[in-house]
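Working notes, beginning with the structure itself.
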Amino acid sequence: MVVEIKKVGVIGAGQMGSGIAHVCALAGFDVSLSDISIDRIESGLASINGNMAKQVQKEIITEDARKAALDRISPAADLDLLADTDLVIESAIENEQVKRKIFAQLCPLLKPEAILATNTSSISITRLAATTDRPERFIGIHFMNPVPLMELVELVRGIATADSTFEVSQAFVDRLGKQTAVAEDFPAFMVNRILLPMINEAIYTLYEGVGSVESIDKAMKLGANHPMGPLQLADFIGLDTCLSIMQVLYEGLADTKYRPCPLLVKYVEAGWLGRKTQRGFYDYRGDTPVPTR
């Protein structure tokens, strides 16, 4: 069954989910944005409104386009409201059990021909698909953060993903104005398979006293021409997400080179998760970020 995508459901109204809803609405899709509470959905809608306003100020989009896109997004506090969607993109936290629970609740509600996608940055597409009633219509559509700015989307097929599902998903990404990179279903796929070990190594460099937070970030910005340092980037991604991806790599590939740095574990245990909690490798509670070590 080949489906034409007209209406998109997005589960998760956080930074990634709201970004996905943002680009889908601007591309002309009707969007239902879902989360566990209406407060979270309203927060996501406020973020979308603010980010679109910035695009208007920079003359990336027009004010009319902003208003039209916002009108296409509707809140869906109940998963029942996703029943008429053609594509649902799950963008919950990077926790396999949470995702499995969502799929168990969602699948009985969807149309038989609807495609189910996950925005996971590291978890096996094949394993997640096997927990659903539609492994042939299940695929990984991994957006980069921040979604409105980043051009790349990783498309990841599970072992059961049908050709038609892949082709429809690729056409969907094209309509969003994004570029597709096709990745095989291995732990962390391509971008995070390369990026997160680099960040983890930077944390080891700090842990072992080779350099300070400022020195490490300056070294990579000025010495490797990176737009931001690896520790600053870790804070932006979220240290809990970084740790989750490193754990998937470590467990999935059984190689000690992917062992999460103990300092990363300690920060996550302390609840210092980066920008979203105002403290990580930098303290963001003042006017200017200050290193915490």
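No value in this document is a laboratory result; all are computed from the given coordinates. Predicted, not measured: the structure shown is a model, and the values here were computed from it. Don't worry about glycine lacking a Cβ; one is built from the backbone with ideal geometry, like all the others, and counts go over all protein chains shown.
One residue alone among GLU184, GLU136, GLU208 is over 15 Å from the mean Cα position of the chain (by Cα) and within 24 Å of VAL268 (Cβ to Cβ), and that residue is GLU208. Considering the stretch 62-164, the qualifying strands (runs of 3 or more DSSP E), each wholly inside and each with 1 or more residues that are basic (Lys, Arg), run over 152-157.
Considering the conditions (1) hydroxyl-bearing (Ser, Thr, Tyr); (2) without any contact (Cβ under 8 Å) to a residue 12 or more places away in the chain; (3) under 16 Å from GLY274 (Cα atoms), TYR250 is excluded by exactly one of them, (3). Can you tell me how many residues in the stretch 147-158 are more than 15 Å from GLY12 (Cα to Cα) and touching a residue at least 60 places away in the same chain (Cβ under 8 Å)? Within the stretch 147-158, residues that are more than 15 Å from GLY12 (Cα to Cα) and touching a residue at least 60 places away in the same chain (Cβ under 8 Å) number 1.
Only residues that are over 13 Å from ALA117 (Cα atoms), touching a strand residue (DSSP E or B) at 6+ places or on another chain (Cβ under 9 Å) and in a helix (DSSP H, G or I): list them for the stretch 165-181, please. Correct list: ASP174 only. Restricting attention to the stretch 278-293, the residues being in contact with a helix residue (DSSP H, G or I) (Cβ under 9 Å, 6 or more places away or on another chain) and farther than 14 Å from GLU214 by Cα number 2.
For LYS257, the conditions (1) over 16 Å from PRO289 (Cβ atoms); (2) part of a helix (DSSP H, G or I); (3) touching a helix residue (DSSP H, G or I) at 6+ places or on another chain (Cβ under 6 Å); (4) touching a residue at least 40 places away in the same chain (Cβ under 8 Å) are fulfilled apart from (3).
Looking only at residues in the stretch 263-277 that are in contact with a helix residue (DSSP H, G or I) (Cβ under 7 Å, 6 or more places away or on another chain) and in a helix (DSSP H, G or I), the one that is surrounded by the most Cβ atoms within 10 Å (Cβ to Cβ) is TYR267. Only one entry in GLU201, GLU184, GLU154 is within 22 Å of ILE245 (Cβ to Cβ) and in contact with a His (Cβ under 6 Å, 6 or more places away or on another chain), namely GLU154.
In the condition set (1) out of contact with any Phe, Trp or Tyr (no Cβ under 9 Å at 6 or more places or on another chain); (2) assigned to a loop (DSSP other than H, G, I, E, B), ARG293 is compliant with all but (1).
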